[in-house]
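Novice: Pasting in a structure now, in structure tokens, and then I'll have a few things to ask.
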Amino acid sequence: MRNRVMAHWHLRLFTNRDQVGGVTMGSRHDRVTETVVTHDITIQCIDTSGRTHDLDTVFSYSKTDPFAVTVTFLTPEGDLPWTFSRDLLLRGLTAPIGDGDVHVCPSINDHGRAVVIIELSSPDGHLVTEARTDAVFTFVQRSLALVPEGEESQHLSMDAMIEQLLAV
């Protein structure tokens, strides 16, 4: 997996906020409300030579889009959100999964720690990231506490969906 890496991704090194072993703890940006869960996670981007570079992200989940999670990459040039299936992230904690632009699979890093590999592809490039499993698991648990698996459709607003379709 480490040989399949970024082709056109621009990397910058970032400073960590309250980082403990790869997981940002107690950040002022972590929050759980009645409708939204966010969790700051410092992930590692794997470059073309196999080296890792820290990258700050915010994982977020909202009841208003109950089937999706968003990972926002925090960069000096601006925040870059990437939205994909919550089920993909949940299933990827225990087994490889994904078709198309997003692939998620469990792994063990060079230090023997459990990690989740999240691989993203677009016409602009390819990015392979590594996140500590415990951090991703914490986020997924919080999202499931907000909207349990199998109850997502109960939180969809048909009026909002029709509004979005008509706005296009």
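Novice: State which residue is modelled with the highest pLDDT when the search covers only segment 32-61 and only residues that are of a type in the set (D, E, K, R) and loosely packed, with under 14 Cβ neighbours inside 10 Å.
Specialist: The qualifying residue modelled with the highest pLDDT is ARG51.
Novice: Report whether or not THR129 is within 17 Å of THR42 (Cα to Cα), polar (S, T, N, Q) and part of a helix (DSSP H, G or I).
Specialist: No; evaluated as a whole, the condition is false for this residue.
Novice: With respect to the numbered conditions (1) without any contact (Cβ under 8 Å) to a residue 60 or more places away in the chain; (2) in a strand (DSSP E or B); (3) under 25 Å from VAL147 (Cβ atoms), which one is the sole condition not fulfilled by SER121?
Specialist: (3) is the only condition that SER121 fails.
Novice: Further, regarding this structure: Cβ-Cβ under 6 Å, sequence separation 6+ or interchain: first residue in segment 60-73 and in contact (Cβ under 8 Å) with a residue 60 or more places away in the chain, partner surrounded by 17 or more Cβ atoms within 10 Å (Cβ to Cβ) and in a loop (DSSP other than H, G, I, E, B). Which pairs?
Specialist: LYS63/VAL147; PRO66/VAL147
Novice: Please go through segment 38-64 and pick out each residue that is in contact with a helix residue (DSSP H, G or I) (Cβ under 8 Å, 6 or more places away or on another chain) and among the hydrophobic types (A, V, I, L, M, F, W, C).
Specialist: Answer for segment 38-64, where residues must be in contact with a helix residue (DSSP H, G or I) (Cβ under 8 Å, 6 or more places away or on another chain) and among the hydrophobic types (A, V, I, L, M, F, W, C): ILE41, PHE59.
Novice: Which residue is farthest from PHE139 (Cα to Cα), if the candidates are limited to segment 62-78 and must be outside any loop (DSSP other than H, G, I, E, B) and modelled with pLDDT under 95?
Specialist: GLY78
Novice: Looking only at segment 88-114, count how many residues are touching a residue at least 60 places away in the same chain (Cβ under 8 Å) and closer than 26 Å to LYS63 by Cα.
Specialist: Going through segment 88-114 one residue at a time, the tally reaches 1.
Novice: Looking at GLU152, GLU163 in this structure, which one is among the acidic types (Asp, Glu), within 27 Å of ALA95 (Cα to Cα) and at pLDDT below 90?
Specialist: Exactly one residue qualifies, and that residue is GLU152.
The values are calculated or read from the model by the stated rules, or taken from the named source; none is laboratory data. Keep in mind that this is a model prediction, so the values were computed, not measured. Glycine gets a Cβ as well: all are built from the backbone with ideal geometry, and neighbour counts include every protein chain shown.
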